[in-house]
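Notes to accompany the following structure.
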Amino acid sequence: MSDIVIEQQTLNYIDAIREGISEAMQADETIFVIGEGVPDPKAIFGSTQGLRQQFGEHRVLDMPLSENAMTGMCIGASLNGLKPLLIHQRIDFSLLSADQLINQAAKWHYLFHQAVPLVVRMIIGKGWGQGPQHSQALWGLYAQVPGLKIFLPATANDAKQMMKAALNDPNPVLFIEHRWLHHTESLIEDNEATINELSKAMVLRQGDAATIVASSYMVHEALNAAQACAQFGMEIEVIDLRVGHEFDYATIAASVNKTKNLIVADLHPMHLSPGHAIISQLMQNGIQLQTPPRLVAQPNHPVPTSWYLAENSYQAAEAIAEAIAQSQNLTALQLKKILAALSQPPRTDVPNRSFCGPF
Amino acid sequence: MTIVVEKLLDLYSQIHLIRRIEEKIAEEYHQQTMRCPVHLSIGQEAVAVGVSAHLNSNDRVYSNHRAHAHYLALNANLESLIAELHGLENGCCGGRGGSMHLIDLEKGFAGSTPIVGATVPIAMGAAFAFKQQKRSHIAVSYLGDGCFEEGVVYESLNFAALHRLPILFVLENNQYSVYTRLKQRQPEGRSISKLAAAMGVSVLHGDGNCIDDVYGLAAQAIAQIRAGKGPYFIELDTYRWPEHCGPSDDDHLGYRPQGELAAWKARCPLQYAKTLLVQAGVALNHIQQLEQKNSKKIESAWVKALNGLTPNPKKAAEGVYV
């Protein structure tokens, strides 16, 4: 990243996204925002609040419940001089967009040499009874498609910089958020980072005992586990992948060569989780580990709605701590102490005390 | 609608050119050098020719798997089409697309792709951009009767009507999806244009094999769209002569009622246009001259196209991202 820092302020993730959109729209009048509820009173969890007043009705639009056609419409608009930002309040709804994203947007430049500058925001849900169709990660499915870029901002700062970069990118970009990131805060560094800079994995916490590779919300679960371990003298390195369409192999390999222990934490079900691809790439390149690599992923079943039933459906900091304990040959008592040191939400189905649903 | 003779000659010449190219593709297909699926437009040529006569190169036309006529009726590059079918570097997609993925932006042909109904909303997006940017161009979306079994088409008509977008939907109703007749797919007696009208777009319905009918309806619809009157939808009845995909006749398969193909061949759009010319007093030798000119054009483009280079397979990895 550049050393020139213009201004520093702390924002939460939602405000950071809104600032990113607003600044991009000021700089580029071809950008328009469209999605179910974009101009409504809730304004996509507040992230589009005020944009209509600022930029007018023709640039900030609600839309019919037609995800498929609206995605195609956005592609056609982008081919003809506009830059659309389309929003799905849950990534699960994007499956209705999938034909247009996978068959059309991802292939258009490859076939026709015509750029498709298009950004689609998709939000992964968790907890408060989100249930089977509001809590899937799904980005791995899109990461299987060459031609799509997958941005996975884990911090408010990345959310803002990545939003601006996405709206300045000539390719189709899926901007994937997690509902439990929305309240998180970070220092904003307005340094106009480039796409290439933002696509580099970031070491968020340095350590020598083990490396955790995570993305999106799992970065925070990894940091939680790493902080608990630090209280007992174990320094765990935490790497944020930041993008899903490629892996910054060099950064991950350098860390793993140092720590000799690898844990990958992912939001997808275990079966064919993108985490397997990271482990596989390291193993195929002959990286030597002290202990077997470990993947913390989600159970291979849909997430039930009842918060009693869903208790084990979201593997998070505890599972990561257990993986660390295995890699460090800790005793059951040592693990118990680490688990006790984890920062825990008041209930398993909410990220914090202020989160009380319903969506 | 009466068309001036000069225009009628142009229209006839285009219908003839498309017919002969499609026949040439069918003739040469057995050589196995065009190694991609081809969906020929024989029998349906008048639709594209009558619509394209009212378009200019700033308009944007989106199409589907059966796109040759839509492409050629805009005077798009013939050599690039033939080269594309042969998978050569001088093809309109450099060999990445084949018959089902065509483009010639200079002529306004903005892309065809084969997922049924998928380019309908993309065309609508072009219309949305034109409206947003207060440009005077229109978008055209070619779709078939099968599209009316795809949800995305209803979604698109709804949005086009809601925003009064400058778009013309051209429905070529050829009554078949592959080997399956319309009445096996949609309730018998239900009109597609009435469905479209119920969605809130202005609707016209005509005979797709009669160039004067198509030309007149398209003139009316496009003038209204350009005047800011919102989206139009024209249903044109027509019929595909060859098999769904490939160079051959397929009447022996028995999926068409006996005599149906013959009846439609008796209503040949090329012959119909020729009759209009003769009725307008054009001499047969004049028509023959036009036809010979077209044949020469095809032969010459064919030779030039096949002189193209074969693409380097190492280039297959290029262009995934901008």
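For B:ALA110, indicate whether it is in a helix (DSSP H, G or I), at the interface with chain A (Cβ under 8 Å from one of its Cβ atoms) and either touching a strand residue (DSSP E or B) at 6+ places or on another chain (Cβ under 8 Å) or closer than 20 Å to A:SER97 by Cβ (or both). Spelling it out, it is not the case that B:ALA110 is in a helix (DSSP H, G or I), at the interface with chain A (Cβ under 8 Å from one of its Cβ atoms) and either touching a strand residue (DSSP E or B) at 6+ places or on another chain (Cβ under 8 Å) or closer than 20 Å to A:SER97 by Cβ (or both). Summed over the stretch A:51-106, the residues that are among the polar types (S, T, N, Q) and farther than 25 Å from A:PRO358 by Cβ give a count of 9.
Conditions tested, residue by residue: (1) touching a residue at least 40 places away in the same chain (Cβ under 8 Å); (2) surrounded by 13 or more Cβ atoms within 10 Å (Cβ to Cβ).
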position: B:LEU261; (1), (2): no, yes
position: B:CYS268; (1), (2): yes, yes
position: B:THR275; (1), (2): no, no
position: B:VAL278; (1), (2): no, no
position: B:ALA305; (1), (2): yes, yes
position: B:PRO313; (1), (2): no, no
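The residue pairs whose first member lies in the stretch B:142-165 and is in contact (Cβ under 8 Å) with a residue 60 or more places away in the chain and within 19 Å of B:MET100 (Cα to Cα), whose second member is among the acidic types (Asp, Glu) and not in a helix (DSSP H, G or I), and whose beta carbons are closer than 7 Å, counting only pairs six or more residues apart or on different chains, are B:TYR142/B:GLU172; B:GLY144/B:GLU172. For the stretch A:221-244, the criterion of a residue being among the charged types (D, E, K, R) and under 17 Å from A:PHE151 (Cα atoms) is satisfied by at least one position.
Evaluating B:ASP145 against the criteria (1) surrounded by fewer than 24 Cβ atoms within 10 Å (Cβ to Cβ); (2) facing chain A (nearest Cβ under 8 Å) leaves one unmet condition, (2).
Under the condition of being over 26 Å from B:THR119 (Cα atoms), of a type in the set (Val, Ile, Thr) and assigned to a helix (DSSP H, G or I), the residues counted in the stretch A:32-74 number 0.
When A:VAL296, A:VAL264, A:VAL219 are checked against the criterion of being outside the structural domain of A:PRO153 (by TED's automatic domain parsing), in contact with a Pro (Cβ under 9 Å, 6 or more places away or on another chain) and not in a loop (DSSP other than H, G, I, E, B), a single residue qualifies: A:VAL264.
Answer yes or no as to whether B:ALA48 is assigned to a helix (DSSP H, G or I) and either of a type in the set (D, E, K, R) or within 9 Å of chain A (Cβ to nearest Cβ) (or both). Answer is no for this residue.
Restricting B:HIS65, B:HIS30, B:HIS70 to those that are surrounded by 24 or more Cβ atoms within 10 Å (Cβ to Cβ) and either more than 17 Å from B:TRP264 (Cβ to Cβ) or modelled with pLDDT of 95 or more (or both) reduces the list to B:HIS70. Just one of (1) in a loop (DSSP other than H, G, I, E, B); (2) more than 14 Å from chain B (Cβ to nearest Cβ) fails for A:SER94. It is (1). Please determine whether any residue of the stretch B:80-95 is crowded, with 24+ Cβ neighbours inside 10 Å and facing chain A (nearest Cβ under 9 Å). Among the residues of the stretch B:80-95, at least one is crowded, with 24+ Cβ neighbours inside 10 Å and facing chain A (nearest Cβ under 9 Å), which makes the answer yes.
For the stretch A:62-108, the tally of residues that are of a type in the set (Val, Ile, Thr) and closer than 19 Å to A:ILE44 by Cβ stands at 3. Would you call B:ASN294 closer than 16 Å to B:SER41 by Cα and crowded, with 16+ Cβ neighbours inside 10 Å? No: the conditions fail for B:ASN294. Among the residues of the stretch B:97-113, those identified as touching a residue at least 60 places away in the same chain (Cβ under 8 Å) and in contact with a helix residue (DSSP H, G or I) (Cβ under 8 Å, 6 or more places away or on another chain) are B:GLY98, B:SER99.
Scanning the stretch B:51-75 for residues that are within 14 Å of chain A (Cβ to nearest Cβ), touching a His at 6+ places or on another chain (Cβ under 9 Å) and either more than 21 Å from B:ARG226 (Cβ to Cβ) or in a helix (DSSP H, G or I) (or both) yields a count of 3.
The values are calculated or read from the model by the stated rules, or taken from the named source; none is laboratory data. Note that the structure is a prediction, hence the values are computed from the model and not measured. Note that we place each Cβ from the backbone using ideal geometry, even for glycine, and neighbour counts take in every protein chain shown.
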